[in-house]
Each structure stands twice: as structure tokens, then as C-alpha cells.
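*Asks:* The structure follows.
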Amino acid sequence: MSLETDSRPNNLAETSISDWWLSKLSDRVDSDGAETIDVRAPATDAVIGSIPDCTEADVERAVERARNAQSSWAETSVDERSKRIDRFGDLVLKHRAELLDCLQLETGKSRRHAVEEVLDVAFTCSYYADHAADALGDDRRRGVFPAATTARVTYEPVGVVGAISPWNYPLTLSLTDVLPALVAGNTVVLKPDEKTPYTALALAELLERAGLPDGCFEVVTGRGATVGPALIDRVDYVSFTGSTETGRAVAERAGRNLIGCSLELGGKNPLLVLDDADVETSARGAVQACFTNAGQLCLAAERLYVADAIYDEFLEAFVTATRRLTLGTGFDFADDVGSLIDGDQLERVETHVEDARDRGATVLTGGRRRPDVGPFCYEPTIMTDVDEDATAACEETFGPVVSVESVPDVATAIERANDSDYGLNASVWTGDRTRGAVVAREIDCGTVCVNDAYISGWAAVDAPMGGFGDSGLGRRHSPEGVRRYLESRTIATSRIGPLDALPRLPVSWYASGMFTLARVMHRLPTVSSVKRWLRDARS
Ligand code: NAD
């Protein structure tokens, strides 16, 4: 650590957070290791505190505490578990000022984007508190011979869930997978990114205050390469959010351990502006889609395809609205766009823009770092004529950089949108919502928002969220997001004893009787085929 860095102000004084508060949070981590990791404020690059660099033994103890707590948590009624999640949601809202400060301090994001995280958690708590029971109750299924046999499915928590979260949305992305795991009766060990541990530790504090018993939610801090694998080797399920590259390593390890995993990974998200779109509205939407959280959002748009007919008009409106964005690192609502997380991210963004420039791209606005605002600040950047082999055209930039291209028709826009290994989120802008829904069905992404950038898709917690292709595996949110944390058990009962040939009768009679029955059943309408027939008749 250089002297120059040490002497930089850490801007804690501007927040409701004190050194004491941060050290109290890091005391929550049970670590025997002597090593610590400095946590820096991206707004100044100054150290704001340090957290334990947990060892494998620390992870072992955290998982053991979670395992010891799990059975009594699972025996707590769903109603009671839901009530505590609800109470936690209230506490998050009550302590929003500290949480907003903490989020801004360790991510460098603007306050308006920190607000999205706090609101998201409040909505997500309400959803799981109200709906978890629906996903947890027994299901009656069809038995093989309906009158003679029954089948019922029961659901049990998998046990201890390991959650690994990234730095870009430390509040939302830690909790969105933790809450359904807890409400389903699992206990959780969370490994937050080493750049943003304090938000996760603040959550542990609030969950405890909401009445979560000891051991139900543990946090282990430290480096991904050591703590991540140690965690995956000990838990019963892992939910991972982060880059595609790390996601593959997580999946391989989970596979070796034969545990389930869900992977929420990167994206290179397209945004389509159709020829009937309102220019001002879609330009405003594109600004939000591209520059929220300085583009460090997995759902952010990085490729825009705009109908020829309105291309010039749209581009002018988009560039004008982007130039109006203010860049800053204040703890109030004055700034639109905040800092990038660190020097590596800044370098990645710069490299993508320079490479595109070298290959002939035109930078219409932005395209430069702003050390006068903050050490890692970079201007929102719009490029055209980006070569299709440029890094910015094919790799996720994860920064405030977008390329815009005109397309002659909707078919080309869809073809270009689908020309990617990723498939996380897309956005379609049109004056005709029905047309938007038709186009949405053609796009190979887990979420497609019509006339919205990403919030309507993300915040529809009752609908599954996840990625096609390299963007992930499995789904979060919705009943599916709860069911991933459950083992299902089918209980099948026969009312007529063993389903086998009757004693003393020739097996050949049994076989031909069963073949006849199979033929009859094959021809009889099933309940679902009658339902389908009635539905078709009505429409
Ligand atoms: P990353 O994969 O480097 O890190 C994510 C987490 O994994 C961190 O906690 C890190 O410490 C941990 N980790 C690192 N190495 C590990 C290993 N070997 N085993 C287990 N865990 C390990 O991700 P990042 O680059 O910091 O985050 C940005 C990426 O995350 C972008 O690609 C972005 O698109 C993606 N992301 C996806 C979503 C989504 O919901 N799909 C949300 C946010 C971010």
C-alpha cells in the first residue's frame, strides 16, 4: 500500500458510517487467520477498513455452524420463517440511510442507483414472505393407475446453501438468492466479493435483529479463489452470481461434488428500437439501460440496434440525453453516474474503447476517464461503426460503453440481437406492445423487457430470471427460485397391493391383461387433454 494512497481521504465523514461501525461489522466474521484484506472506497481509492481473509478452516467452522442450526430452522413453521423475512424487509427500509451510504462507500455507485438495491430487497422480502408457502406445500400428482394408486410430492430443504455474490450489486445480489433459501428452511453461508464485504455483513446484523437464529446466516469473507472452492466442497447447493469464466469453475466443482448449482453470469445485452418507437422515450430508456450503475450491471445494454427509419433522430436524442448525465461520487442525489469499482475495471473499459477506436469506431460522446471526478470515473460513452471483431462488439465490457448500429428491418435486428453466446436480458422499444411481445419471443434471452430497460423484468419477482447460453444455468426468483433449494420426495401409494401378477395366475395372463389396459388407457382422454380440448374450443 503506498503512502500516497494512505493519505487520501476515505470520505467516511460524509456518511452516516464510522470506523467503529465498519470494524464492528468485520468482527462478525469468525476467522483464526492472521491475514486481512483492505477494502477501498472507489470514490477516492482510499482504504476504509479491512476484513479477514478467511482460511479453509474458517469456512469449515462457518458451514458447521450453519449445519447445526439447519434442522431446527427447518422445523420452524413456514409462517414463522416468512414473518422473520418480512421483519427483515422492514429493518432494511428503516436502516436505508446507513445501507445507502455503505453501498455507495464500497461500490462508488451513485445514490440513485443504490436506491434501486434497497427498494429491490424490500420488494423481494414481501414477495417471499407472502408466496414461499405456495412453493413449499405438498403436490398431488397423477398415480400410474388413477383409482388404484396415488402419488404425492413432498419438499425438503437441501440443507446448507452456499451463496457467492459479486461486487456490482452487493445488497441485491447477496439477498436475492439468500432469502428464498432461508424461507425454504435452509441455512446459508454467504461469500461476498472481497471488494464489497461490509454491505453483506450489515445484512447479517439486520437478519439477526429480525430474529434469525444463530448460525442460520453466516458470512465468510476473503479471496474467491480460496474461500469459493472451500465453500463449494462443504455445502449442499451453491448459488453463484458473477462472471461466466468463474461460473464454469463453480459448475465443475459443484459437479464433482454432485451438488446442485444455479449460475447467474454475464451478458452482452441487446436493445432494439423498432421503427414505430417514440424517439424521446426510447432514448431515455436507452440511457437507463446502458449507464445505470456506470454500466456495471449484468442486465445493462451494450449493443443497440435501431431501425433505419428513425436512426438519426434516435441517435441525436440518445447522445443529447447522455451528455446531460452528471458524473460524480457524492452521497446525495446530485449525480447521475458514479465511479467504476477499481483500476482493473477502468482499464478494461478503456481497452475496449481504444480497441474499437483503433478499428475505426466513431466515439460520439464520452470515451475518456475523468480523474478530476474520481480515480476510476469514466464518461458514459456512445460509439458507432464498431467493427464486428472489436472486443467491445463481442465481449462484455461491464462499463458505461455502448455501440449503436442501424438495421433495415426487424428480422435483421433480431438476427443481430441473437448473434451472441450470451442470452441474459434484452429490451425492445416500440409503439405497439403486441408487436413488442411478438419480437420478444424471437430473442434468445432469459428476460426480454418491452418498453423498459430492465427493471420490469428484474422486479417481477414472481417470474423466473436467468440466462440462456453462456449467461447461466437455472433460474432465480419465482417458485422456481425457491424449488432449486428443495429436494423433492415422491410418495406413491398402492390401494391394491403390489402392482404385479396375482399369485397362482400365469404371468402370461397378467402380461396380456396389462397390455390391454395400456391400450385402453392410451385411448382414454386424460384430465389434461380434456382441459386442453375445452380451452381450444373456447378460443
Ligand atoms: P467474478 O466471477 O470474478 O466474482 C464473483 C464472485 O465469485 C466473487 O465473490 C469472487 O470472490 C468469487 N470467486 C472468484 N473466484 C472464484 C472461484 N474460483 N470459485 C468460487 N468463487 C470465486 O465476477 P466479477 O467479475 O467480479 O463480477 C462481474 C461479472 O458478474 C460480470 O460478468 C457480470 O455480468 C456478472 N454478473 C452477473 C449477474 C447475473 O445476475 N447474471 C449479476 C451481477 C454480475
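The values are calculated or read from the model by the stated rules, or taken from the named source; none is laboratory data. Quantities reported herein were computed from a predicted structural model and do not represent experimental measurements. No Cβ is skipped: glycine too gets one built from the backbone with ideal geometry, and neighbour counts run over all protein chains shown.
*Asks:* When the range 194-234 is examined, which residues are found to be of a type in the set (D, E, K, R) and either touching a Leu at 6+ places or on another chain (Cβ under 9 Å) or in contact (Cβ under 8 Å) with a residue 60 or more places away in the chain (or both)?
*Replies:* The answer is GLU194, LYS195, GLU205, ARG209, ASP214, GLU218, ARG223, ARG234.
*Asks:* Across the range 297-315, which residue is surrounded by the most Cβ atoms within 10 Å (Cβ to Cβ) among those that are assigned to a helix (DSSP H, G or I) and not acidic (Asp, Glu)?
*Replies:* Our first condition is that a residue be assigned to a helix (DSSP H, G or I); within the range 297-315, this holds for 308-315.
With the extra rule that they be not acidic (Asp, Glu), the set shrinks to 309-311, 314-315.
On the way: ALA309: 15, ILE310: 20, TYR311: 18, PHE314: 24, LEU315: 20.
In this case the residue turns out to be PHE314.
*Asks:* Moving on to the next point. Taking the range 457-480, which residues are in a helix (DSSP H, G or I), in contact with an Asp or Glu (Cβ under 9 Å, 6 or more places away or on another chain) and more than 12 Å from the ligand (Cβ to nearest atom)?
*Replies:* SER478, PRO479
*Asks:* If you take the residues of the range 235-255 that are more than 7 Å from the ligand (Cβ to nearest atom) and free of Cβ contacts under 8 Å to residues at least 24 places away in the same chain, which of them is surrounded by the most Cβ atoms within 10 Å (Cβ to Cβ)?
*Replies:* Per the criteria, the residue is ALA254.
*Asks:* Could you list, ordered by first residue, the pairs with Cβ atoms under 6 Å in which the first is in the range 497-514 and closer than 22 Å to THR150 by Cα and the second is assigned to a loop (DSSP other than H, G, I, E, B) and modelled with pLDDT under 95, at least 6 apart or interchain?
*Replies:* From residues that are closer than 22 Å to THR150 by Cα, the pairs are TYR510/ALA501.
*Asks:* Quick check, is ILE310 away from the ligand (no atom under 16 Å from the Cβ), in contact (Cβ under 8 Å) with a residue 24 or more places away in the chain and β-branched (Val, Ile, Thr)?
*Replies:* Working: away from the ligand (no atom under 16 Å from the Cβ): yes; in contact (Cβ under 8 Å) with a residue 24 or more places away in the chain: yes; β-branched (Val, Ile, Thr): yes.
In short, yes.
*Asks:* Considering only residues that are surrounded by fewer than 20 Cβ atoms within 10 Å (Cβ to Cβ) and either within 14 Å of the ligand (Cβ to nearest atom) or among the acidic types (Asp, Glu) (or both), which ones fall in the range 140-194?
*Replies:* Those that are surrounded by fewer than 20 Cβ atoms within 10 Å (Cβ to Cβ) and either within 14 Å of the ligand (Cβ to nearest atom) or among the acidic types (Asp, Glu) (or both): GLU156, GLU194.
*Asks:* On the basis of being in contact with a Gly (Cβ under 7 Å, 6 or more places away or on another chain) and under 23 Å from ALA13 (Cα atoms), does LYS94 make the cut?
*Replies:* It is false that LYS94 is in contact with a Gly (Cβ under 7 Å, 6 or more places away or on another chain) and under 23 Å from ALA13 (Cα atoms).
*Asks:* Okay, moving on. State yes or no: is GLU218 more than 9 Å from the ligand (Cβ to nearest atom), within 30 Å of VAL401 (Cβ to Cβ) and of a type in the set (D, E, K, R)?
*Replies:* So GLU218 does not fit the description; no.
*Asks:* Whether any residue in the range 357-371 is of a type in the set (Asp, Glu), outside any loop (DSSP other than H, G, I, E, B) and touching a residue at least 12 places away in the same chain (Cβ under 8 Å) is what I want to check. Give the derivation first.
*Replies:* Initially, the range 357-371 is screened for residues of a type in the set (Asp, Glu), giving 358.
Those still in the list that are outside any loop (DSSP other than H, G, I, E, B) too: 358.
Going one step further and asking which of them are touching a residue at least 12 places away in the same chain (Cβ under 8 Å), we end up with none.
Scanning the range 357-371, I find no residue that is of a type in the set (Asp, Glu), outside any loop (DSSP other than H, G, I, E, B) and touching a residue at least 12 places away in the same chain (Cβ under 8 Å), so the answer is no.
*Asks:* So is THR226 surrounded by fewer than 24 Cβ atoms within 10 Å (Cβ to Cβ), on the phi < 0 side of the Ramachandran plot and more than 7 Å from the ligand (Cβ to nearest atom) or not?
*Replies:* Judged against the criteria, THR226 is a match.
*Asks:* Would you call PHE331 surrounded by 18 or more Cβ atoms within 10 Å (Cβ to Cβ), in contact with a helix residue (DSSP H, G or I) (Cβ under 6 Å, 6 or more places away or on another chain) and assigned to a helix (DSSP H, G or I)? Walk me through it before giving the result.
*Replies:* Values: surrounded by 18 or more Cβ atoms within 10 Å (Cβ to Cβ): yes; in contact with a helix residue (DSSP H, G or I) (Cβ under 6 Å, 6 or more places away or on another chain): yes; assigned to a helix (DSSP H, G or I): no.
No.
*Asks:* Could you tell me whether any residue of the range 390-407 is more than 16 Å from the ligand (Cβ to nearest atom) and either free of Cβ contacts under 8 Å to residues at least 60 places away in the same chain or on the phi > 0 side of the Ramachandran plot (or both)?
*Replies:* yes
*Asks:* Just to be sure before I move on: is THR391 within 27 Å of LEU274 (Cβ to Cβ) and either surrounded by 18 or more Cβ atoms within 10 Å (Cβ to Cβ) or in contact with a strand residue (DSSP E or B) (Cβ under 9 Å, 6 or more places away or on another chain) (or both) in the structure I sent? First the steps, then the outcome.
*Replies:* Working: within 27 Å of LEU274 (Cβ to Cβ): no; either surrounded by 18 or more Cβ atoms within 10 Å (Cβ to Cβ) or in contact with a strand residue (DSSP E or B) (Cβ under 9 Å, 6 or more places away or on another chain) (or both): yes.
The answer is no for THR391.
*Asks:* Does at least one position in the range 128-139 carry a residue that is surrounded by fewer than 23 Cβ atoms within 10 Å (Cβ to Cβ), outside any helix (DSSP H, G or I) and in contact with a Lys or Arg (Cβ under 8 Å, 6 or more places away or on another chain)?
*Replies:* Yes: one or more hits.
*Asks:* So if I check each of ALA283, ALA294, ALA277, ALA289, which one is crowded, with 17+ Cβ neighbours inside 10 Å, part of a loop (DSSP other than H, G, I, E, B) and of a type in the set (Gly, Ala, Ser)?
*Replies:* That would be ALA277, the only listed residue that is crowded, with 17+ Cβ neighbours inside 10 Å, part of a loop (DSSP other than H, G, I, E, B) and of a type in the set (Gly, Ala, Ser).
*Asks:* I'd like the residue in the range 275-311 that is touching a Leu at 6+ places or on another chain (Cβ under 8 Å) and of a type in the set (Val, Ile, Thr) and, out of all such residues, is nearest to LEU105 (Cα to Cα).
*Replies:* Out of the qualifying residues, it is VAL287.
*Asks:* Every residue in the range 481-495 that is within 21 Å of GLY247 (Cβ to Cβ) and away from the ligand (no atom under 16 Å from the Cβ), please. Don't jump to the end; show me each part of the working.
*Replies:* Of all residues in the range 481-495, those within 21 Å of GLY247 (Cβ to Cβ) come to 481, 483-485.
Hits for the range 481-495 are ARG483, TYR485.
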